[in-house]
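One structure below.
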Amino acid sequence: MVTAIEGYAGRSKRTYQADGLFDIHSGIALFAIALINFAAIRSIASMHGPDFHTSRAYHDGNNFFIMSILLANALIMVSFRAMEPLKRRFVYPRMGYVQPRIVPEERRRMVLLAFVLIGLGQFVATRFALWGSPSFWTSNMSLVCIGFGIGIGLVDNFLKVGFARHLAVAGVSVVASTLLASAHLGWLQASLWFVIILGASLVLSGSIAFAKILRTPVLTEADA
């Protein structure tokens, strides 16, 4: 008879992402980056006038920036360290013998092709707005490259593990980066909203997956 421990040890590697906790952690990490970005915007806004370094607003902004960096690092560390206890408490007792649904290979290819076509269409549609600057390369183009890069990474992860929620977040990354770049908000403002939107998407997708795990009955030795 296979014990629960042996069954857990033999489960597929893809189940590490099945519970959505890593998605939630990644989203929280992006929120931490957004906090640093917001603090940087506030600090830069206080830098006006010839003697700005002596002003109260500058020192307050600088202190807030330093505290934001410390808080962001603590948030990322706590979030990362919380994953394993949550897995031991809620996930491992339920997923030792659960095989999540895998998207068929043919459907994966069709979805991937649709994603590429939609991405190209979005990129072409915003081309004139993105290349409106006389400079060869602008921060708007950098934001689009980051959005597409994250999207490609998520699609690649989808092809490896087969969780459709990563495709949805990939689409959010591409669409959000191109729309924010087209709005010409400036690098700090656009990147701030980008990480907030992407972080919220990851937290939402991970939370939905984790909620599904919690609805799964706890396994017993008899289920091994």
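The values are calculated or read from the model by the stated rules, or taken from the named source; none is laboratory data. Given the structure is predicted, the values throughout are model-derived calculations rather than measurements. Every residue, glycine among them, receives a Cβ derived from its backbone with ideal geometry; neighbour counts consider all protein chains shown.
Quick notes on this structure:
- The listed residue being surrounded by 18 or more Cβ atoms within 10 Å (Cβ to Cβ), in contact (Cβ under 8 Å) with a residue 12 or more places away in the chain, touching a His at 6+ places or on another chain (Cβ under 6 Å) and among the aliphatic types (A, V, I, L, M), out of Leu154, Leu180, Leu167: Leu154
- Output for the stretch 9-45, where each listed residue is modelled with pLDDT under 75 and polar (S, T, N, Q): Ser12, Thr15
- The test for being touching a residue at least 24 places away in the same chain (Cβ under 8 Å), touching a Gly at 6+ places or on another chain (Cβ under 8 Å) and closer than 22 Å to Ile36 by Cα does not hold for Phe210.
- So Phe65, is it modelled with pLDDT of 80 or more and over 18 Å from Val203 (Cβ atoms): yes
- Summed over the stretch 78-97, residues that are surrounded by 14 or more Cβ atoms within 10 Å (Cβ to Cβ) and of a type outside the set (A, V, I, L, M, F, W, C) total 7.
- Thr216 falls short on exactly one of the conditions (1) of a type in the set (S, T, N, Q); (2) surrounded by fewer than 19 Cβ atoms within 10 Å (Cβ to Cβ); (3) assigned to a helix (DSSP H, G or I), and that condition is (3).
- Number of the exception - Pro50 against (1) assigned to a helix (DSSP H, G or I); (2) at pLDDT below 85; (3) of a type outside the set (Val, Ile, Thr): (1)
- Of the residues in the stretch 169-185, at least one is assigned to a helix (DSSP H, G or I) and closer than 28 Å to Arg88 by Cβ.
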